[in-house]
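Participant: Here's a structure for you.
The values are calculated or read from the model by the stated rules, or taken from the named source; none is laboratory data. The model shown is predicted, which means the values in this text are computed figures rather than measured ones. Quick reminder, even Gly has a Cβ in these numbers, built from the backbone with ideal geometry, and neighbours come from all protein chains shown.
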Amino acid sequence: MEFIDLGAQQARLRARIDARIAAVLDHGAYIMGPEVRELETQLAAFCGARHCVSCANGTDALQLVLMALGLRTGDAVFVPSFTFAATAEVVPCMGATPVFVDIDPATYNMDPESLRRAIAHAREIGLRPAAVIPVDLFGLPADYPAIEAIAQAEGLVLIGDSAQGFGGQINGRMTGTFGRATTTSFFPAKPLGCYGDGGAIFTDDKDLAALLDSLRVHGKGTEKYDNVRIGMNSRLDTLQAAILLEKLSVYADEIDARQAVAQRYSRALHNRFATPAIPDGMSSVWAQYTLRAADSTERDRIMAVLKAQGIPTAIYYPRPLHTQTGYASYPTDPRGLPASEAAAACVFSLPMHPYLDASDQQRIIDALDAAVAEISGA
C-alpha cells in the first residue's frame with residue numbers, strides 16, 4: 001500500500017502527459033516555454049487570483065516574495081513553529097528574524113492570539129514587525145479572516161504559505177486570494193504536484209507580479225543583458241508546466257475524491273481518535289489526514305502495528321522548528337509554544353490520496369481498530 005499513490009494518478013493521465021511532454025520536445029522551448037504561461041493563466045483562473053508567477057519550487061516562491069517586499073535586518077516575520085522548515089528558513093536568508101508562533105490545537109494552524117503576543121514581544125526586543133506567514137497545514141486554510149485583521153491593525157504584510165493547501169476554501173474563497181501574496185509548491189507529494197520541483201506565487205497586485213517576474217529571472221529588465229535589480233534563477237521548467245497542465249485538469253475532481261476519503265476516515269475513527277477539525281465555512285484539500293494519539297507511546301505502538309500489516313504512516317512533524325538546532329536561538333511567543341510541542345508528540349498521518357479505494361481504506365481502519373484494542377488490553 002502506498003502512502004501517496006502517484007502511480008494511480010499517472011495511470012489515469014499517462015497518455016495525456018506523454019502527449020504534453022512530446023509537444024515540448026517538439027517545440028524545444030525547455031525554459032519558460034508556452035506551457036509555462038498557459039499554466040500560470042489556468043492556475044490564476046482556478047483560484048481566482050489576478051496574477052500567477054511560477055518559479056522553481058515552493059521555497060523559492062516564499063523567498064521571492066520576501067525579496068520583492070524588501071525585507072531587511074531588524075524586520076520580524078511571524079511564522080508557525082509546527083510546519084516544514086521552508087516557511088522559516090527564507091526569513092534569515094533575507095537578514096530578517098523569524099519569530100515563532102503557536103498553533104491552534106484543533107486545526108494545527110497559526111493561533112491568532114499567540115500571534116498577538118509574538119508581535120508585542122518582537123517590539124519589546126527591538127524588532128520591527130514586518131510580515132506574517134500563516135501556513136495552510138495539512139491542506140486546511142489558516143484562519144485568514146482573524147490573521148488579516150491583526151496584520152492590518154499592526155501594519156504587517158500577510159503572505160499565505162499554501163504549499164499544502166492550494167484549492168482549500170473559506171466561505172467559497174480559495175487559497176491564493178488572501179493577503180498580499182500566496183505561495184504554493186508543486187513538489188510531487190503535494191495535492192497538486194509535478195514530477196520534479198516547482199512552485200508558484202499568486203497576487204492581485206499587478207506591480208508586485210511584474211517585480212516577481214523580474215526577480216525570478218536574475219532581476220531582468222527590458223534588455224537581456226541589463227539586469228535592473230539583484231534577482232535569482234528560479235524558473236519553472238516547461239516540461240513540469242506541461243505535466244501540471246494535465247494534472248490541473250483533474251484537480252477539482254481529485255479534491256472531491258479527497259473529501260470522500262477524509263469523510264470515510266472521520267466517520268469510522270472519530271470515537272477513538274482526535275480526528276481533523278474543519279471549522280465552519282472551511283474546506284481542506286487534505287494534503288494529509290492526521291490523527292492525534294493520547295501520547296507519544298500510544299502513537300508509536302499504533303504505528304508499529306500498522307507497519308507490521310504493511311500500512312504506511314508518517315509523522316508531520318516530529319519536532320517543531322523552535323526546538324531544532326538551527327532555529328533554537330530565534331524568538332517565540334513569550335508564553336511558549338505548548339500546542340506545537342504537544343502536537344509533535346502525538347500526531348500521525350494515514351495514507352491519503354484521491355485514489356484510495358474503500359476496500360483499502362477499510363483495511364486501514366480495521367488495522368487501527370485492532371491496534372487500539374491491543375493497546376487497551378495490554
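Participant: Which residues, taken from region 172-229, are among the polar types (S, T, N, Q) and under 21 Å from the mean Cα position of the chain (by Cα)? Even if it seems obvious, please write down each step before you answer.
Facilitator: Step one: list which residues in region 172-229 are among the polar types (S, T, N, Q), which gives 175, 177, 182-185, 203, 214, 222, 227.
Hits for region 172-229 are T175, T177, T182, T183, T184, S185, T203.
Participant: If you scan region 251-293, which residues turn out to be assigned to a helix (DSSP H, G or I), in contact with a helix residue (DSSP H, G or I) (Cβ under 6 Å, 6 or more places away or on another chain) and of a type outside the set (A, V, I, L, M)?
Facilitator: Result: R264, single match.
Each row is one residue, and each column tells you yes or no for (1) over 15 Å from the mean Cα position of the chain (by Cα); (2) outside any loop (DSSP other than H, G, I, E, B); (3) assigned by TED's automatic domain parsing to the domain that holds D204; (4) β-branched (V, I, T).
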| position | (1), (2), (3), (4) |
| --- | --- |
| F46 | yes, yes, yes, no |
| L71 | yes, no, yes, no |
| P98 | yes, yes, yes, no |
| T107 | no, no, yes, yes |
| A120 | yes, yes, yes, no |
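Participant: Select from region 207-249 the residues that are closer than 21 Å to R37 by Cβ and β-branched (V, I, T) and write down the one among them that is surrounded by the most Cβ atoms within 10 Å (Cβ to Cβ).
Facilitator: I243
Participant: Here is a follow-up. Scanning region 316-325 for residues that are touching a helix residue (DSSP H, G or I) at 6+ places or on another chain (Cβ under 8 Å) and surrounded by fewer than 18 Cβ atoms within 10 Å (Cβ to Cβ), which turns out nearest to F138 (Cα to Cα)?
Facilitator: Just the residues of region 316-325 that are touching a helix residue (DSSP H, G or I) at 6+ places or on another chain (Cβ under 8 Å), to begin with: 316-323.
Within this subset, residues satisfying the condition of being surrounded by fewer than 18 Cβ atoms within 10 Å (Cβ to Cβ) are 318-319, 323.
On the way: P318: 14, R319: 16, T323: 21 Å.
The qualifying residue nearest to F138 (Cα to Cα) is P318.
Participant: Further question on the same structure: Out of all the residues in region 194-201, is one or more part of a strand (DSSP E or B), touching a Cys at 6+ places or on another chain (Cβ under 7 Å) and not hydrophobic (A, V, I, L, M, F, W, C)?
Facilitator: yes
Participant: For region 70-87, check the following and say yes or no: at least one residue is polar (S, T, N, Q) and touching a Ser or Thr at 6+ places or on another chain (Cβ under 6 Å).
Facilitator: Looking through region 70-87, at least one residue is polar (S, T, N, Q) and touching a Ser or Thr at 6+ places or on another chain (Cβ under 6 Å).
Participant: Output the number of the condition that Q288 fails; it satisfies all remaining conditions of (1) in contact with a strand residue (DSSP E or B) (Cβ under 8 Å, 6 or more places away or on another chain); (2) without any contact (Cβ under 8 Å) to a residue 60 or more places away in the chain; (3) of a type in the set (S, T, N, Q).
Facilitator: With (1) in contact with a strand residue (DSSP E or B) (Cβ under 8 Å, 6 or more places away or on another chain); (2) without any contact (Cβ under 8 Å) to a residue 60 or more places away in the chain; (3) of a type in the set (S, T, N, Q) applied to Q288, the lone miss is (2).
Participant: A further question follows. Could you tell me whether Q164 is within 12 Å of the chain's Cα centre (by Cα) and either part of a loop (DSSP other than H, G, I, E, B) or free of Cβ contacts under 8 Å to residues at least 40 places away in the same chain (or both)? Spell out how you get there, then give the answer.
Facilitator: Working: within 12 Å of the chain's Cα centre (by Cα): yes; either part of a loop (DSSP other than H, G, I, E, B) or free of Cβ contacts under 8 Å to residues at least 40 places away in the same chain (or both): yes.
Taking the combined requirement at face value, the residue satisfies it.
Participant: Mind checking which residues of region 321-378 are polar (S, T, N, Q), over 21 Å from the mean Cα position of the chain (by Cα) and part of a loop (DSSP other than H, G, I, E, B)?
Facilitator: Listed by number, the list holds a single entry, S329.
Participant: Is there a residue in region 13-26 that is out of contact with any strand residue (DSSP E or B) (no Cβ under 8 Å at 6 or more places or on another chain) and assigned to a loop (DSSP other than H, G, I, E, B)? Please lay out each step first, then the result.
Facilitator: The first filter runs over region 13-26 and keeps only residues out of contact with any strand residue (DSSP E or B) (no Cβ under 8 Å at 6 or more places or on another chain), leaving 13-26.
Still in the running and assigned to a loop (DSSP other than H, G, I, E, B): none.
Checked against the condition, which is being out of contact with any strand residue (DSSP E or B) (no Cβ under 8 Å at 6 or more places or on another chain) and assigned to a loop (DSSP other than H, G, I, E, B), region 13-26 yields no hits at all.
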